[in-house]
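The values are calculated or read from the model by the stated rules, or taken from the named source; none is laboratory data. What you see is a predicted model; the values in this text were computed from it and never measured. Using ideal geometry, Cβ is built from the backbone for each residue, glycine included, and neighbour counts are taken over all protein chains shown. What goes into the accessible areas is simple: the full protein's heavy atoms, side chains included, and nothing from ligands, DNA or RNA. Shrake-Rupley method; radii C 1.70, N 1.55, O 1.52, S 1.80 Å.
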Amino acid sequence: MSEEAGAQKLSKKQLKALKFKAKTSTNAAEELKQVEESKEAEKKRKLEEEHRAKEDEEAKLKAKAEEPPKKKRKTRRGKKGKGSNKDDENSGPRFILFVGNLPFKVTDSDIKEHFKKCQPTSIRIRSDKGCAFIEFKNEDPKESKRLMDIALRLHKSTLGGRKINVELTAGGGGNSKERVEKIKTKNEKLEQERLKRLQAEKDKKAEKSKGNEGEGEAAVDENGVHPDRAKMLGL
């Protein structure tokens with residue numbers, strides 16, 4: 001057994017004794033340092049594992065939640081022809097977002113009010129899973145994309161006392177490994193874009209603040225008098 005492995009199994013009483021001993025002993029101080037470093041490394045490893053597990057679970061939930069409820073198939077004899085009377089609603093690109101971590105009692109009205117700036121054309125709530133899918137369908141795909149981008153900015157906003165997740169999803173339904181990975185990749189890319197946008201906004205504010213400071217300095221002449229005041233005084 002390595003010294004590090006043994007250090008992790010110290011009881012509270014042993015750890016307390018080691019801390020007391022470390023005050024007067026160099027060897028004990030070094031041992032205490034190794035124990036603390038070992039505990040910190042173990043804590044970090046567990047947090048990383050929990051984070052990865054959470055990401056995988058969320059991706060699976062998105063994939064599973066998107067599956068439409070199963071409907072009983074109805075057949076009638078004597079009916080001519082096959083197919084559906086529905087229009088081809090699914091042709092072309094679809095702009096759908098996954099909204100997770102919703103309150104289980106959330107309603108269509110709650111979601112419409114929260115997303116009123118982007119006005120989703122359809123909302124499908126999965127109350128049993130605390131999530132929903134919102135779609136943006138416009139005659140102009142560019143307009144649908146613009147409204148969806150506005151909705152994405154509500155990621156981590158508060159609805160019903162809970163911080164919601166607003167993320168991209170993938171069409172097709174199902175819970176295959178390939179689809180789960182596709183959703184995960186899309187949202188990792190989205191998160192990177194969010195971070196870049198936040199950094200750009202931060203840099204812009206800093207630059208504006210710096211510019212305002214420069215204007216304030218330029219508004220005072222070498223005698224410490226504002227140009228307008230100097231003009232009034234005939235300086």
Residue-wise HN-Hα coupling along the range 17-22, computed from phi with Karplus coefficients 6.51, -1.76, 1.60 (Hz; x: Gly, Pro)
5, 5, 5, 5, 5, 5
For the range 195-210, take each phi angle, set θ = phi - 60°, evaluate the Karplus expression 6.51 cos²θ - 1.76 cosθ + 1.60, and give the result in whole Hz per residue in order, putting x for glycine and proline.
5, 5, 5, 5, 5, 5, 5, 5, 5, 5, 5, 5, 5, 5, 4, 5
Applying 1/(1 + (r/R0)^6) with R0 = 30 Å to the Cβ-Cβ distance of residue 129 and residue 192, what FRET efficiency is obtained, to the nearest 0.05?
0.65
Pairs beyond 30 Å (Cα-Cα), from 16/46; 13/163; 145/196; 117/184:
13/163
Assuming R0 = 25 Å, what is the FRET efficiency of residue 16 and residue 47, from their Cβ-Cβ distance, to the nearest 0.05?
0.50
With the crude spin-label approximation of a point 7 Å out along Cα→Cβ, what separation in nm comes out for residue 105 versus residue 149?
3.8
Please give the net charge around residue 29, taking every other residue with its beta carbon less than 13 angstrom from that of residue 29, where Lys and Arg add +1 and Asp and Glu add -1.
0
What figure, in Å² to the nearest 10, do you get for the accessible area of residue 94 with a 1.4 Å probe and non-protein molecules left out?
120
At 7 Å along the Cα-to-beta-carbon direction for both residue 142 and residue 201, put a label point, then send me their distance in nm to one decimal.
2.4
